[in-house]
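The values are calculated or read from the model by the stated rules, or taken from the named source; none is laboratory data. Keep in mind it's a predicted model, so treat the numbers as computed, not measured. Neighbour counts are summed over all protein chains in view; Cβ atoms, including those assigned to glycine, are modelled from backbone coordinates with ideal geometry.
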């Protein structure tokens, strides 16, 4: 996951700006949270629901 996420992270970050369907927002949120955990960007509090 860590290998491929770096390549598509900027595309996903730009996509967040658009008004998206709730399903797509959920998928993008999960991807960004997973990238944060993979690269140690987010804290434990940020990733918890």
Residues of the stretch 1-24 satisfying the condition of being in contact with a helix residue (DSSP H, G or I) (Cβ under 8 Å, 6 or more places away or on another chain) and either under 17 Å from residue 40 (Cβ atoms) or touching a residue at least 60 places away in the same chain (Cβ under 8 Å) (or both): 1, 2, 5, 9
Name every residue in the stretch 22-49 that is at pLDDT below 75 and assigned to a loop (DSSP other than H, G, I, E, B), in order of residue number. 41, 42, 43, 48, 49
Do we find a residue being surrounded by 11 or more Cβ atoms within 10 Å (Cβ to Cβ) and either at pLDDT 80 or above or on the phi > 0 side of the Ramachandran plot (or both) anywhere in the stretch 6-21? yes
